[in-house]
Amino acid sequence: MRNNKLVTLACLSMIALSCSSDDNASTNSKEEVLHLSPEMQKVRDYVPENAVIGHRGTSYWAPESTESAYRWARNMGADYLEADLQITKDSVILVVHDNVLTRTSNIKDIYPDRATQPASTFTYEELLKLDAGTWFNHDKNTSPDRARPSFSSQKQYISTLEDLLMFAQGKRLKRDSNGERIWKKINGKYTFEYEDDPADNGNRPGIYIETKEPSLNPGIEHALVKELNRHGWNIIEKPATETAHFKNGKVNVGNTNGKVVLQTFSHNSLLILKDLFKGKIPTALLFWKGTGPDDIHDDQQSTYIKHINFGIENLAQFIGPSIAGGTPPDNWPELLNPWQAELIHQSGMKIHPYSFDNEGQMIKYFSFYDGMFTNQSDLTIRFYHEKQLREGGPAYQDAKTILADLGY
């Protein structure tokens, strides 16, 4: 089936390139696409084909980037728990998307005078006071059948990178009799407690982590290295011994050299990641169409090639382009036309588009992608099974059943 996808892609790409004026793509570019070295291809292939990347865990079935979202994605059978990383004033690496926390917490109630300040200006002790779950039940994009009282009664915290690693390994937060997470802070250092998740079903996903807004989070790349080393997740320091992405019908990516994928929109951050990891950990350069210094500014083929080549020159093996047709607010600019997909694959890089919200997108881009950032891992897993592209992996499961099994 994968060969059929490539044949289809090649045919569509030749058609698109031959009439590129319709796509506003210039075919007169003198730029040539670079190609991944054999060493980079080896690292690229640490990552499973047709990867299911649980975008923020899930932003559809649970409050994004929280314990509930990541436990759900793990048990559902996502290959990766995807996360945006920021860093607190006291050097705790956060897992949270927005710089300002007004959308996904009650920060306006707890810190009314500081609510619009970036997350990086708070200590983690301060952020522990926030409720990161209740908003989901009242959000205009949450249908009534997805709202659950337990997202409030079982307090959802702003997650940390350490939390993410523990969720991936079958743990959950350890809480006291009042349902509060157990932690200590001694001499400025935090200690968090975890316990075996009684609902853990044995899947062991990897993590797919973005250095978010490095200008607001200086030093986050170096802090990331220390945290991965501390938990034994840096394969440069501690290579994995297993290679199978699935094992006994369960996800096993978290036990392989593909356990960590780095990602960034920032060209400067990619340069730092290159220096720190030397291209030995799978890395994705994300594409966004906009006016920022690292964005793709136009539809010219030469521009797209320059961005691909920047990724290759700086030891990325994957491109993460935005795709259109998502459910608001996730309806992004189109950066995966057929001619663009062909250029990426021509380089030897693989494509992980963001973010899939519906089966229509999965069908539309089927010939192009090598994995999906997905807000609904359940739909993605079912789609891959229907295409016979997930042999050996977990079976499709009902999303609501998983939530119920987890106690939500």
query: Within the stretch 183-190, is there a residue that is surrounded by 13 or more Cβ atoms within 10 Å (Cβ to Cβ), outside any strand (DSSP E or B) and either at positive phi or not basic (Lys, Arg) (or both)?
result: no
- prompt: Looking at (1) under 14 Å from the mean Cα position of the chain (by Cα); (2) over 29 Å from residue 186 (Cβ atoms); (3) surrounded by fewer than 24 Cβ atoms within 10 Å (Cβ to Cβ); (4) not basic (Lys, Arg), which is the one condition that is false for residue 135?
  reply: (1)
field: Candidates 119, 147, filtered to the one that is closer than 27 Å to residue 327 by Cα and crowded, with 23+ Cβ neighbours inside 10 Å
entry: 119
So residue 162, is it in contact with a strand residue (DSSP E or B) (Cβ under 8 Å, 6 or more places away or on another chain), surrounded by 24 or more Cβ atoms within 10 Å (Cβ to Cβ) and of a type in the set (Asp, Glu): no
Tally, over the stretch 208-261, of residues that are hydroxyl-bearing (Ser, Thr, Tyr) and open to solvent by less than 20 Å² (accessible area, probe 1.4 Å): 3
message: Only one of 320, 311 is within 25 Å of residue 285 (Cβ to Cβ), open to solvent by less than 10 Å² (accessible area, probe 1.4 Å), in a helix (DSSP H, G or I) and of a type in the set (Gly, Ala, Ser). Can you tell me which?
response: 311
task: Search the stretch 100-116 for residues being in a helix (DSSP H, G or I) and touching a helix residue (DSSP H, G or I) at 6+ places or on another chain (Cβ under 9 Å), and hand back the single one that is most open to solvent (accessible area, probe 1.4 Å).
output: 110
- request: State whether the residues of the stretch 235-246 include one that is touching a residue at least 40 places away in the same chain (Cβ under 8 Å), out of contact with any His (no Cβ under 9 Å at 6 or more places or on another chain) and within 15 Å of residue 280 (Cβ to Cβ).
  value: yes
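The values are calculated or read from the model by the stated rules, or taken from the named source; none is laboratory data. Please read these numbers as outputs of a predicted model, since none were measured by experiment. All Cβ positions, even for glycine, are placed from backbone atoms using ideal geometry, and neighbour counts span all protein chains on display. Accessible surface areas use protein heavy atoms only, side chains included; no ligands, DNA or RNA. Shrake-Rupley method; radii C 1.70, N 1.55, O 1.52, S 1.80 Å.
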